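Only one structure is covered here, and it is reproduced in the block below.
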Amino acid sequence: MPTALKILIAGGFGVGKTTMVGSVSEVPPLETEERITEASLGIDDLAGVEGKFSTTVAMDFGRITISPELVLYLFGTPGQDRFWFMWDDLALGALGAVVLADTRRLDASFASVDFFEEREIPFAVGVNCFDGRRECTSRQVREALDLGPSTPVMLCDVRDRGSSKTVLLALLEVARAQASARLTAAAGR
Amino acid sequence: MPDPRWFDDEEAGRHVRPYAITGGRTRHSRHTFALITLVVTRSPDETGYEPLEPESAEILDVCRDRAVAVAEIAAHLDLPVSVVKVLCGDLLNASMILVQSPPAETDKPSVELIERVMDGIRQL
Ligand SMILES: Nc1nc2c(ncn2[C@@H]2O[C@H](COP(=O)(O)OP(=O)(O)OP(=O)(O)O)[C@@H](O)[C@H]2O)c(=O)[nH]1
Ligand SMILES: [Mg+2]
């Protein structure tokens, strides 16, 4: 039986997450949803939780079969919904994340950047150049998002498979560096 | 003036109803599944022929030919992920499926694993 891995595609509303998932996935993006209630915080039964916090979060995802032993899933996080952060299962155990940004609305990417930084989840920023728009340089985006030197910022066109692949590879490069640093730290102990 | 609570109920009803399939359970008491836990149906001769809920029978159909992630099952059945997890827990109890959990959160990916993924993406 194969092992499954996942990468998240995050970013603000309408920034191109689903388009990116679709450009590299071997199947058209699938959609599913989860009901986030206080049940996810430790109550096992829905009875009696009416009126308490409850919302439905939807996200889409695609699949890449790497080999007969390895399947990679790409999950587009729900851009509109600030509650996806409560869907623990979505981010938990991810190899890493791509944070997509639109230069016209960079502030929409702040929450995602903070989320992955806090959890030390490897990530790369992809600046989706709608219609070839490149009114920001990657340096300006790096400064605006206050990114550390080890976080790659790439201009991209998420409709293009090659371009999406480049961003994913940049992210995986960060993940590899982190894995290799773990090895070194373990050896030094 | 329409009572806004009425609309809230309508909206909630759409999402609560799936839990009727699980008898109101939002989590399985014995088994935990991740979004990307893979599920494969065991061949029928290895399992009994208990009458199944239609949704559980659909899960067995969807997972017959290859390993399918819990999230994919939920998408195919148009059910919330947590409902699918409960149904899969019951199917696992009944030995009707095999499952493969993803690497544990504490089991950080190795350099080698990441490189395998990178090679796969380059070849797309
Ligand atoms: N012209 C142009 N359109 C794009 C580009 N990327 C995405 N779009 C369009 O922008 C719209 C939003 O893209 P989506 O991929 O749905 O964005 P999303 O981030 O998934 O949106 P939400 O899930 O609603 O937050 C779609 O109509 C896309 O076709 C691009 O690079 N150029
Ligand atoms: Mg989308």
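Read-outs: derived from the displayed coordinates by stated rules, not from any lab. As the structure is a computational prediction, the values presented were derived from the model and not from experiment. Here the Cβ is made from the backbone with ideal geometry for all residues, glycine too, and neighbour counts use every protein chain on show.
Observations, loosely collected:
- Using θ = phi - 60° in the Karplus curve 6.51 cos²θ - 1.76 cosθ + 1.60, the 3J(HN,Hα) couplings for the range A:155-168 round to 6, 8, 10, 5, 6, 9, 4, x, 5, 5, 4, 4, 5, 4 Hz; x is entered for Gly and Pro.
- Trypsin sites (Lys or Arg not before Pro) restricted to DSSP loop in the range A:64-130 with at most 10 other C-beta within 10 Å: none
- In order through the range A:72-79: 3J(HN,Hα) via Karplus (6.51 cos²θ - 1.76 cosθ + 1.60), integer Hz, x for Gly, Pro: 10, 10, 10, 9, x, 6, x, x
- Against the rule of thumb 2.2 N^0.38 Å, how large the Cα Rg of chain A comes out: 1.08
- The H on the amide N of A:Gly96, modeled in the peptide plane, is under 5 Å from the matching H of A:Leu8, each at least 5 residues off or on a different chain.
- Karplus-derived HN-Hα couplings along the range A:95-107 (A = 6.51, B = -1.76, C = 1.60, θ = phi - 60°), whole Hz, x at Gly and Pro: 4, x, 9, 9, 9, 7, 10, 10, 4, 6, 9, 4, 4
- Judged by the gyration tensor of its Cα atoms, with axes a ≥ b ≥ c, the range A:95-189 is prolate; a/c meets the 1.5 cut and a/b is the larger of a/b and b/c.
- Projecting label points 7 angstrom from Cα along Cα→Cβ for A:Arg82 and A:Arg189 puts them 3.8 nm apart.
- Computed with the Debye formula from one identical point scatterer per Cα of the range B:13-122, without solvent, the log10 of I(q)/I(0) at q = 0.09, 0.10, 0.18 Å⁻¹ comes to -0.27, -0.33, -0.90.
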